[in-house]
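All remarks here apply to the structure that follows.
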2 protein chains.
Amino acid sequence: MRAWMMGQTYRAALSAGEVMAGSGLAEVVESRDPAFAPGDLVYAETGWQRLAVLPANRLQKVAPMAPLTHLLSVYGVAGLTAYLGLKECGRPKVGETVVVSAAAGAVGGLVGQIAKLWGCRTVGLAGGPAKCALLTSELGFDAAVDYKAYAGDMPGLYQALQEATGGGADVYFDNVGGEILDAVLFGMKPFGRVALCGAVSVYDGGVPYGVRGLGGMVSKRIAMRGFIVSDFYDQREAALAELKGWVESGQIKVREDVMEGLENLPAALIGLLAGDNVGKRLVRIA
Amino acid sequence: MRAWMMGQTYRAALSAGEVMAGSGLAEVVESRDPAFAPGDLVYAETGWQRLAVLPANRLQKVAPMAPLTHLLSVYGVAGLTAYLGLKECGRPKVGETVVVSAAAGAVGGLVGQIAKLWGCRTVGLAGGPAKCALLTSELGFDAAVDYKAYAGDMPGLYQALQEATGGGADVYFDNVGGEILDAVLFGMKPFGRVALCGAVSVYDGGVPYGVRGLGGMVSKRIAMRGFIVSDFYDQREAALAELKGWVESGQIKVREDVMEGLENLPAALIGLLAGDNVGKRLVRIA
């Protein structure tokens with residue numbers, strides 16, 4: 001997904017024989033820069049490879065913690081995206097209704113939990129009854145809607161959302177784009193805000209779905225805004241501190257979906273685009 | 001259009017035998033309220049009729065001026081919509097490129113002129129060579145694109161826009177929605193703003209056009225916001241004062257498109273939806 005955001009698709013990267021883009025935690029094994037020593041833990045755009053040669057200014061030293069994986073989920077891009085995107089683009093107020101798609105994914109699951117902690121009613125969209133059950137039973141969502149039960153039935157999905165939200169969303173945190181965005185948009189409440197975080201439904205396809213519900217944005221004064229988490233990194237430390245408090249007190253549950261082996265990276269990404277994961281999908285390669 | 005915004009279409013209103021919604025300037029001919037006397041000039045939602053019985057609290061007394069029509073164009077909803085929508089939703093900065101659709105219309109022509117006065121490069125979209133020539137020769141636009149020359153050819157329209165803007169819009173003031181919105185959106189610059197003012201392309205049709213370019217809003221951090229001018233009426237007097245200064249000094253040219261006769265109201269509205277007008281379409285009925 002990050003590779004796509006940077007304007008290359010993984011197909012193009014692979015067919016060109018390039019190193020596929022990807023970020024992760026790595027251990028320094030050799031260094032010509034005095035700021036880094038073997039054994040240091042770093043976060044970097046390593047690419048899909050066991051060993052990477054990178055300039056020191058592309059490495060970010062991180063302190064080890066347990067579990068290490070949290071540095072890539074709730075304390076990484078996923079957690080900050082959920083927290084800062086919801087805060088800055090969603091601007092939820094106490095008592096409002098927040099809808100999030102890909103709600104069983106890394107970002108979505110955190111968005112729902114954070115919105116709840118900020119005093120909102122939360123509705124998650126996920127694919128299949130198992131994920132939906134997880135949302136309400138484990139992640140504290142007030143309601144869940146299984147979008148796969150309404151494949152090709154936009155009016156049905158719209159209706160289910162209106163029921164689950166009790167009359168529409170004030171805030172929609174969109175991870176998927178396409179038909180689901182359209183269905184939520186049609187039912188948004190006046191002065192609603194849409195945070196556009198991703199459009200996973202169109203990353204892997206041909207011609208994107210055309211969203212027809214934009215006309216209603218005028219009369220309902222809807223604001224829709226795309227963002228990338230780094231836009232808000234001036235608030236990074238404050239966000240991490242609040243997330244840490246919630247995780248340590250058990251108010252936020254962190255789901256991670258860890259696969260093993262470099263050879264499974266393609267399957268992991270393809271599965272991610274197909275929605276196989278629950279929580280942050282990671283691949284441990286060493 | 002106002003009727004549509006209020007959730008009724010003119011077809012439904014007409015077939016139900018109701019008075020069609022519409023606002024205008026009127027003269028008080030009889031009054032039971034001491035605040036109004038025969039001869040007073042008022043602005044009101046009069047409906048499509050020669051005589052209207054209205055409660056005093058729905059009337060707004062206005063001072064006569066010459067020409068009276070300016071009270072319904074540049075000093076009315078159209079002027080305030082252009083000024084306040086551009087300022088609040090477009091947030092143009094000096095040196096940026098502002099694109100506006102329906103640029104030969106009442107709102108669009110003012111948006112282009114105001115954006116120019118605020119130090120922006122301006123590109124107008126209009127239908128046909130005559131309107132496009134008017135934009136650059138009379139209304140001071142830097143460039144004009146004839147969208148009718150690219151009917152059904154979205155890539156062509158996109159390309160023409162990229163050339164006219166020199167690489168995309170920073171601000172798009174959208175009066176039309178649909179395919180034109182899509183073409184502008186595909187080429188928006190990073191951190192661009194879209195002010196959604198209307199969607200005239202979908203008011204009079206069946207299933208609205210589906211906008212496919214929303215996926216790019218994430219990576220380019222585009223913000224899109226629907227508005228209705230009254231949302232910003234706390235700034236009404238300041239906006240009117242600045243508009244008045246520009247009109248009186250000749251820095252803004254006001255185009256009005258006045259038809260005659262109550263019996264021509266349906267034709268006037270149908271023509272408006274078809275884009276026949278240049279400037280503010282008004283109908284003089286008395």
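The values are calculated or read from the model by the stated rules, or taken from the named source; none is laboratory data. Worth saying up front: this structure is predicted, and the values here are computed from it rather than measured. In this analysis, Cβ positions are derived from the backbone assuming ideal geometry, glycine residues included, and neighbour counts consider all displayed protein chains. We work out accessible area using only protein heavy atoms, side chains counted, and drop any ligands, DNA or RNA first. Shrake-Rupley method; radii C 1.70, N 1.55, O 1.52, S 1.80 Å.
Whenever you get a sec, compute what percent of the accessible area on chain B sits on carbon and sulfur atoms (1.4 Å probe).
Details: 6950 of 12680 Å².
Heavy-atom surface of chain B belonging to carbon and sulfur, 1.4 Å probe: 55 percent.
Please name which of B:Pro208, A:Met217, A:Ala183 has its Cα lying farthest along the dipole of the protein assembly as shown towards the positive end, using unit charges on Cβ (Lys, Arg +1; Asp, Glu -1) and the Cα centre as origin.
A:Met217
Per q in 0.05, 0.06, 0.12 Å⁻¹, report the Debye log10 I(q)/I(0) for the protein assembly as shown, using one uniform scatterer on each alpha carbon and no solvent.
These q points yield log10 I(q)/I(0) values of -0.26, -0.37, -1.17.
Taking 7 Å along the Cα-to-C-beta vector as the label spot, tell me the B:Ala267-A:Val94 distance in nanometres, rounded to one decimal.
6.1
I'd like the interface area for chains A and B: accessible area of each alone minus the complex, both sides summed, 1.4 Å probe, protein heavy atoms only. What is it in Å² to the nearest 100?
Working: alone 13730 and 13760 Å², together 25330 Å².
Approximately 2100 Å² gets buried when A meets B.
Against the 2.2 N^0.38 Å scaling, with N counting residues, where does segment A:11-133 land? I'd like the Cα-based Rg ratio to two decimal places.
Ratio of Rg to 2.2 N^0.38 Å for segment A:11-133: 1.36.
Which percentage, to the nearest 5, of the DSSP beta bridges contained in the protein assembly as shown is antiparallel?
About 25 percent, rounded to the nearest 5.
When the label point is put 7 Å from the Cα of B:Gln251 along its Cα-to-beta-carbon vector, which residues of segment B:99-132 have a backbone N closer than 13 Å?
In segment B:99-132, the label zone of B:Gln251 (backbone N under 13 Å from the point 7 Å along Cα→Cβ) covers B:113-120.
Seen from all sides and averaged, what is the projected area of the convex hull of the Cα atoms in chain B, in nm²?
Reported value for the Cα convex hull: 15.3 nm².
As an exercise, use a Förster radius of 22 Å and the Cβ-Cβ distance of B:Glu260 and B:Val19 to find the FRET efficiency, rounded to the nearest 0.05.
Working: r = 20 Å, r/R0 = 0.93.
Computed FRET efficiency for B:Glu260 and B:Val19 comes out at 0.60.
Over chain B, with the other protein chains present, what is the accessible area per residue in square angstrom, probe 1.4 angstrom?
Accessible area per residue: 44 Å².
What average number of partner chain Cβ atoms lie no more than 10 Å from the Cβ of the residues making up A:207-213?
6
Summarise the partner chain shielding of B:225-233 as one whole number: the mean count of Cβ atoms from other chains within 10 Å of each residue's Cβ. Can you show the working numbers first?
On the way: counts 8, 14, 6, 5, 0, 0, 2, 0, 0.
Counting Cβ atoms of other protein chains within 10 Å of each residue's Cβ and averaging gives 4.
What is the gain in length, in nm to one decimal, between A:Lys244 and A:Arg284 on full extension, counting 0.36 nm per residue of separation less the C-alpha to C-alpha distance?
Working it through step by step, the gained length comes to 12.1 nm.
Decide, for segment A:61-140, between rounded, prolate and oblate: order the square roots of the alpha carbon gyration tensor eigenvalues as a ≥ b ≥ c, take rounded if a/c falls under 1.5, and otherwise choose prolate if a/b is larger than b/c, else oblate.
oblate
Could you work out the relative contact order of chain B? I mean the mean sequence separation of Cα pairs under 8 Å and 6+ apart, divided by the number of residues, in percent.
Reported relative contact order: 16 percent.
Hey, can you grab everything whose amide H is under 5 Å from the amide H of A:Val258? Only 5+ residues off in sequence or another chain; H modelled, so Pro and N-termini drop out.
Amide H neighbours of A:Val258: A:Leu282.
What residues from segment A:49-64 fall in the zone where the backbone N is under 13 Å from a label point 7 Å along the Cα-to-C-beta line of A:Ala35?
From segment A:49-64, the list is A:55-62.
In a shell of Cβ-Cβ distance under 12 Å around B:Thr69, excluding B:Thr69 itself, what net charge do Lys and Arg (+1) and Asp and Glu (-1) give? Please report the intermediate quantities before stating the final value.
Numbers: positive: B:Arg255, B:Lys280, B:Arg281, B:Arg284; negative: B:Glu256, B:Asp257.
With Lys, Arg at +1 and Asp, Glu at -1, the neighbours total +2.
When the expected Rg is taken as 2.2 N^0.38 Å, what fraction or multiple of it is the alpha-carbon Rg of segment A:78-207? Walk me through the numbers on the way to the answer.
On the way: Rg = 13.0 Å, N = 130, 2.2 N^0.38 = 14.0 Å.
Against the compact-globule rule of thumb, the ratio is 0.93.
First measure r as the distance between the Cβ atoms of B:Glu138 and B:Asp231, then evaluate 1/(1 + (r/R0)^6) with R0 = 30 Å and state the FRET efficiency to the nearest 0.05.
0.45
Dipole magnitude of segment A:40-130 about its Cα centre, charges +1 at Lys/Arg Cβ and -1 at Asp/Glu Cβ only, in debye to the nearest 20? Don't jump to the answer; show the numbers that get you there.
Values: 8 positive and 4 negative charges, 30 e Å.
Here segment A:40-130 has a charge dipole of around 140 debye.
Over all residues in B:178-186, what is the mean tally of Cβ atoms on other chains that come within 10 Å of each residue's Cβ?
The shielding value for this peptide is 1.
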